[in-house]
Amino acid sequence: MKVLHVLPYIDPRKGGPVSAVDSLVDLCVQKNIDSSILVINNTFQCCAFENIPLNYEFEKISFLSLFSPRRLIYTFLTIRNILNKYDIIHVHVPFSLSAIISCFICLFLKKCYIISPHGSFSSWAMSKKKLKKKFFMNTIGNVFFKKAIFVHSTSSYEKDQILLNTKLNNIKILHLPVKKYEHNNSILTKKNKSDILKLVTVCRLDPVKNIPLLFEVIYDLNQIGMNISLDVYGAGDETYYRSIANLIHQYKLENCIRLLGFLGRNDLEKELSKYDLFILLSTHENYSMATVEALSVGLPVITSSEVGISSDIIEYNAGLVVPLCDINLLKLAIRKFLQFGLSPQNGLNALKLFNERFSYSAVGSEIKLFYTVRH
């Protein structure tokens, strides 16, 4: 069985599909599933990887151009020849040009293929270019999705979002795996009440992540004498970065909040064990690899109810889930953790949730079946 993942080029610092494909391919290789990656950008620069996770930095190989009719034909023929070598094509980010071309070729070749929306059908995502997306789904997009073996959802939350915005019924859930690293067991012990509560968030620097709301919470709680610090890991648009940096200055929180930039997954997971609590307040998050990474080191988490794995966090009591933008409830949640100390059980529950739902072992038991079920 040979699987090819097809995705558009996305800056790895923005996470999302890149992290997802990286983890899936790494696990497939461990489970002896022949897996490769084809990356195509909007000018048809391509790069292929065989049986290795997607590197964070790679050289794109340009061998064709969108603007020449002769080369456009060559593009389709070349991609067709690549896809024809594989048993299953896993197409990521369905509204991208690479996905549209790949689905079209799969139908032409009568190839089995899977589509991963990666949050494309959330209410937040659908509000962007709404008319174009609706037109696409009412025409060729509807055919692409219905002809797929199934549509891959990363969480029950994402499945609900897909059902809310489409009439698809061929949806299958497979969590994205995260590799577990050695963690520092001291994070599972109760801290003294006098200690600073060290918060961390990991996300793309983007308005959808609600970073200003988090800053407001930190400001208000420090104003009433609570000792809290926050480190933010992530990269994004330079304009947005400057706006949140200015916000830190306006709140006079330079001693409490640090913007630490992007870190690769290996380095990041080693850093996470230094903190007491992970927090993510996204307006929308179909899954959240960063939250799973926090769970993997036994870190309790606070998330908004719009984070894809929030229902799992509630089920395992691995932290707290707060309604989106309810700043008063959010303050109470953080105050509770500060006043009463971190419960060792929260950390143990976080590890249990990770091991049973999101680890290589847990997802690995499902992944072979995921890629062998066909029409």
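Are any of the residues in region 216-224 surrounded by fewer than 18 Cβ atoms within 10 Å (Cβ to Cβ) and either among the basic types (K, R) or within 20 Å of the chain's Cα centre (by Cα) (or both)? Checked region 216-224: no residue is surrounded by fewer than 18 Cβ atoms within 10 Å (Cβ to Cβ) and either among the basic types (K, R) or within 20 Å of the chain's Cα centre (by Cα) (or both). For region 74-94, the set of residues classified as modelled with pLDDT under 90, among the hydrophobic types (A, V, I, L, M, F, W, C) and closer than 28 Å to T166 by Cβ consists of F76, I79, listed by residue number. Among residues of region 290-303 that are over 14 Å from V322 (Cα atoms), those with a beta-carbon under 8 Å from a residue that is aromatic (F, W, Y) and assigned to a loop (DSSP other than H, G, I, E, B) at least six positions away or on a different chain give the pairs S296/Y181; V297/Y181; L299/Y275.
Can you pull out the residues in region 238-264 that are touching an Asp or Glu at 6+ places or on another chain (Cβ under 7 Å) and either at pLDDT below 90 or under 16 Å from C203 (Cα atoms) (or both)?
Of all residues in region 238-264, those touching an Asp or Glu at 6+ places or on another chain (Cβ under 7 Å) come to 240, 248, 258, 260, 263.
Selection gives Y240, R258, L260, L263.
Would you be able to say whether some residue in region 61-73 is within 27 Å of I367 (Cα to Cα), modelled with pLDDT under 70, of a type outside the set (D, E) and part of a strand (DSSP E or B)? No: region 61-73 contains no residue that is within 27 Å of I367 (Cα to Cα), modelled with pLDDT under 70, of a type outside the set (D, E) and part of a strand (DSSP E or B). The set of residues in region 252-290 that are among the aromatic types (F, W, Y) and within 19 Å of the chain's Cα centre (by Cα) comprises F262, F278, Y287.
Would it be correct to say that S365 is of a type in the set (G, A, S), over 27 Å from K209 (Cα atoms) and at pLDDT below 90?
Working: of a type in the set (G, A, S): yes; over 27 Å from K209 (Cα atoms): yes; at pLDDT below 90: yes.
Taking the combined requirement at face value, the residue satisfies it.
The number of residues in region 113-171 being in contact (Cβ under 8 Å) with a residue 24 or more places away in the chain, aliphatic (A, V, I, L, M) and over 14 Å from P94 (Cα atoms) comes to 2. Identify, please: which residue in region 6-40 is under 18 Å from N81 (Cα atoms) and over 16 Å from the mean Cα position of the chain (by Cα) and is, among those, modelled with the highest pLDDT? If we take residues in region 6-40 being under 18 Å from N81 (Cα atoms) and over 16 Å from the mean Cα position of the chain (by Cα), then V6 is modelled with the highest pLDDT.
The values are calculated or read from the model by the stated rules, or taken from the named source; none is laboratory data. It should be emphasised that the depicted structure is a prediction, and the values quoted were computed from it without experimental measurement. Reconstructed Cβ throughout: ideal geometry from the backbone, glycine too, with neighbour counts over all protein chains shown.
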